[in-house]
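The values are calculated or read from the model by the stated rules, or taken from the named source; none is laboratory data. Quick caveat: nothing in here was measured; it's all calculated off a predicted structure. Methodologically, a virtual Cβ is constructed for each residue, glycine included, from the backbone with ideal geometry; neighbour enumeration extends over all protein chains shown.
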Amino acid sequence: MKTNAVTIAVITFVWLGAARLARAETYGIETLDLNYVEQGWGSPHANQSVEGHGLSIGGRQFEHGLGTHAQGTFRISLGGKAERFTALVGVDDEVGKSGSVEFKVVGDGKTLWESGVMRGGEQAKEVAVELRGIKELSLIVTDAGDDYNMDHADWTDARFVMAEGKPEALVPAREPALVLTPKASPRPRINGPKVFGVRPGAPVLFAIPASGQAPMKYSARKLPAGLSLDPNTGRITGTLTQRGTHVVTLSAQNSLGKAERALKIVFTPHGQ
């Protein structure tokens, strides 16, 4: 009798597990409301990079996922009904070998997985996290401790396996506002680094970090040969061949005024 009871218990356990898996459904991250994604630059995109290109990490193309940017947070309600979360993450190939980020998966305030520092050009890392009992998940992208320039981060093939229900995007958490500094002016202001280093043979990818009321137009005086500026996005791209230090005057302008600041672009070949 005891043996029969154990056998029945095992069969019941297996049957319940199989039934649970049979009714489980998978939801791609791109099916959630991405308007609730918080990020330091640009806008989140479903199935595209933050700049609207196809998702690509380490030379590998992906059809599905979320293109975002550091510093980034996406809060998702699971209601304790999720089985697991899987994804492939990395810096999107649109920034070449620039950018450095760290991905984190946090469940109910506890870190469940972290990627370590990832840089442009590296292969994607696999995420596989068990979520049973987790009520709220946060998908986080940090700037890896430096500035967030070119930190284009992708959560590709990101999927939630749900035993019941479906994942729901949550409104970003807001802490009570403490006014410690004056409110930022709507007039244009150029922030960020004053020196930008260029490695030999590497493409230049630099976004003018300006604040102020949109829309904004950008320009650059004495931009060295091989580089060009998109006046709508403020992105300087191209390949620099002239060695030495180039002093460029950056400009950001909106309906309320114009801001200028010098940027030193330093190009020194290896061994010098």
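Looking at this structure, is GLY145 at pLDDT below 95 and within 18 Å of PRO44 (Cβ to Cβ)?
Working: at pLDDT below 95: yes; within 18 Å of PRO44 (Cβ to Cβ): no.
Answer is no for this residue.
I'd like to verify a number: residues in segment 39-55 that are touching a residue at least 40 places away in the same chain (Cβ under 8 Å), touching a helix residue (DSSP H, G or I) at 6+ places or on another chain (Cβ under 6 Å) and buried (at least 16 other Cβ atoms within 10 Å of the Cβ), how many?
Total satisfying the criteria: 2.
For LYS194, only one of the following conditions fails: (1) farther than 21 Å from SER56 by Cα; (2) among the charged types (D, E, K, R); (3) surrounded by 13 or more Cβ atoms within 10 Å (Cβ to Cβ). What is its number?
Just one mismatch for LYS194, condition (3).
Could you grab me the full set of residues in segment 149-159 that are assigned to a strand (DSSP E or B) and surrounded by fewer than 24 Cβ atoms within 10 Å (Cβ to Cβ)?
If we filter segment 149-159 for residues that are assigned to a strand (DSSP E or B), which is where we start, we get 152-159.
Matches in segment 149-159: ASP157, ALA158, ARG159.
So which residues in segment 103-144 are part of a loop (DSSP other than H, G, I, E, B) and either without any contact (Cβ under 8 Å) to a residue 24 or more places away in the chain or more than 23 Å from ASP92 (Cα to Cα) (or both)? Show your work before the answer.
Narrowing segment 103-144 to residues part of a loop (DSSP other than H, G, I, E, B): 108-109, 120-124, 131-135, 143-144.
Across segment 103-144, the qualifying residues are ASP108, GLY109, LEU131, ARG132, GLY133, ILE134, LYS135.
Return the total of residues in segment 181-209 being among the basic types (Lys, Arg) and modelled with pLDDT of 85 or more. Spell out how you get there, then give the answer.
Step one: filter segment 181-209 for residues among the basic types (Lys, Arg), giving 183, 187, 189, 194, 199.
With modelled with pLDDT of 85 or more added as a condition, the list becomes 187, 189, 194.
Selection size over segment 181-209: 3.
Please go through segment 82-118 and pick out each residue that is among the charged types (D, E, K, R), at pLDDT 95 or above and surrounded by fewer than 21 Cβ atoms within 10 Å (Cβ to Cβ).
GLU83, ARG84, GLU102, LYS104, ASP108, LYS110, GLU114 - these are the residues of segment 82-118 that are among the charged types (D, E, K, R), at pLDDT 95 or above and surrounded by fewer than 21 Cβ atoms within 10 Å (Cβ to Cβ).
What are the residues in segment 94-137 that are more than 30 Å from THR239 (Cα to Cα) and hydroxyl-bearing (Ser, Thr, Tyr), if any?
Those that are more than 30 Å from THR239 (Cα to Cα) and hydroxyl-bearing (Ser, Thr, Tyr): THR111, SER115.
Failed condition for LYS166, given (1) under 30 Å from LEU32 (Cα atoms); (2) touching a Phe, Trp or Tyr at 6+ places or on another chain (Cβ under 7 Å); (3) in a strand (DSSP E or B), with all others met?
Result: LYS166 fails condition (3) only.
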